[in-house]
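Nothing in this text is a laboratory measurement; each read-out follows from the coordinates by a stated rule. The structure presented is a predicted model; accordingly, all values stated were derived computationally and were not measured. Using ideal geometry, Cβ is built from the backbone for each residue, glycine included, and neighbour counts are taken over all protein chains shown.
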Amino acid sequence: FFNAMVPGAQAARETLRRSLLSSEIGLPWLLAGYSLSNHEYREYWESLYQDLLNKAGSPREQTFAHRHLGILSLAAGRLDAADAHLKVAAYAPEQDQEHRALAATVPFLPVPADRLAALITAVESWPTTPTDDFSLFEPHARFPAHHRLYVLALLVARNGDPARALALADELTALDDIAMAPGLAKDMELGIRAEVARQEGRYQEVLVLLDERHGRYSYEMPMVSPFFSRARERYLKAEALYALDQYAEALGWYESLCELSIFDLVYLGQARLRRAEIHKRLNQPEQAAEQYRLLIELWSESDLELQPQVETARRRLAELGS
């Protein structure tokens, strides 16, 4: 596996492709998702997930492929393509629209009002009875009530109802802790409160809320769910630091959004833009130019909604003389 990630190791990558496509979805595929976090081999993995989809295997394999293709499409700014994949990708059938709901909580990605309203309705009906079916395909099975409240709170906050979002955070606080991930419920609650504070411009409060970290779980968990990778909260912390002109620290948090799991990639484009802007303000033109180039490459085929940011990056890159 790791030999295939060496630059120029085309033969090893083709061997890995054949091996993965002939295996069950499990640890090797998790490692694939982990390797995606550095984004260097995005095209390779995208083609591999497409091969898995074309294989017409089990429903679980199809779901897995759609999920990852949707995330990669979001990272590339192909929002319509992502939505098409995520419509049919759910960890569990009863959790209707799960990945579309998660995508709708990403602060910088546009979401049509009618879709947001429909997603809120869908999430409100999610089941809350836990089961012991924890797996790569159902990583939230043991804490569905926490899962529902967290996603629902972020959606209603985005829909302009911070009071209800905070009330849902209070409900989450009242639940028992998550046995398989002690402290995660508290992190979820603080994430909701931090989102409301961000929307209201209270950036110092965002930092205070997110400086607390309570979750304790194994290193494999961020590979199976964005709730464990905490990509959203890392992005919020970076944005708060950026807003408060704490650029050096903000850089570290933006850089973290390409390190832990495939779920980080959704935030990669905006992180590239912010890193470029910070380097420019710190009079580091070469580093700024590199980040602008990487953003332009990443979002080169993005949907129209994101093209203004690509044009801004091109203009600023030209101003840097690169």
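So how strong a dipole does the chain carry about its Cα centre when Lys and Arg Cβ are +1 and Asp and Glu Cβ are -1, to the nearest 20 debye?
540 debye
Positive end of the dipole of the chain, charges at C-beta (+1 Lys, Arg; -1 Asp, Glu), about the Cα centre: which of Pro285, Leu69, Ser58 has its Cα farthest in that direction?
Final value for the positive-end residue is Pro285.
Run the paramagnetic zone check for Arg115: 7 angstrom along Cα to Cβ, then residues of the range 52-74 with backbone nitrogen under 12 Å.
Backbone N within reach: 74.
Which of these, Tyr235, Tyr217, Tyr203, has the largest mean-square fluctuation under a Gaussian network model of the chain (Cα springs below 10 Å)?
Ranking Tyr235, Tyr217, Tyr203 by mean-square fluctuation puts Tyr217 first.
If I require 27 Å or longer along the helix axis, counting alpha carbons, and a Kyte-Doolittle average no lower than 1.6, what helices from the chain are left? Use full DSSP H segments.
none
Could you sort 289-299, 144-154, 159-169 so that the peptide with the highest average Cβ count within 10 Å comes first and the rest follow in order?
144-154, 289-299, 159-169
GNM, the chain, Cα, under 10 Å: largest mean-square fluctuation among Leu86, Leu268, Leu52?
Leu52
Considering only Met188, Met223, Met180, give the residue with the highest GNM mean-square fluctuation for the chain, with springs between Cα atoms whenever their separation is below 10 Å.
Among Met188, Met223, Met180, the largest GNM mean-square fluctuation belongs to Met180.
Test of understanding: what is the full-extension gain from Glu297 to Gln50, defined as 0.36 nm times their sequence separation minus their Cα-Cα distance?
Here the segment from Glu297 to Gln50 would lengthen by 86.8 nm.
Which residue, chosen from Val266, Gln307, Tyr235, occupies the Cα position most advanced towards the positive end of the dipole of the range 214-322, where the dipole is computed from +1 (Lys, Arg) and -1 (Asp, Glu) charges on Cβ about the Cα centre?
My answer, from the dipole projection, is Tyr235.
Among the lysines, which have Cα under 27 Å from the Cα of Lys55 when same-chain residues fewer than 8 positions away are ignored?
List returned: Lys87.
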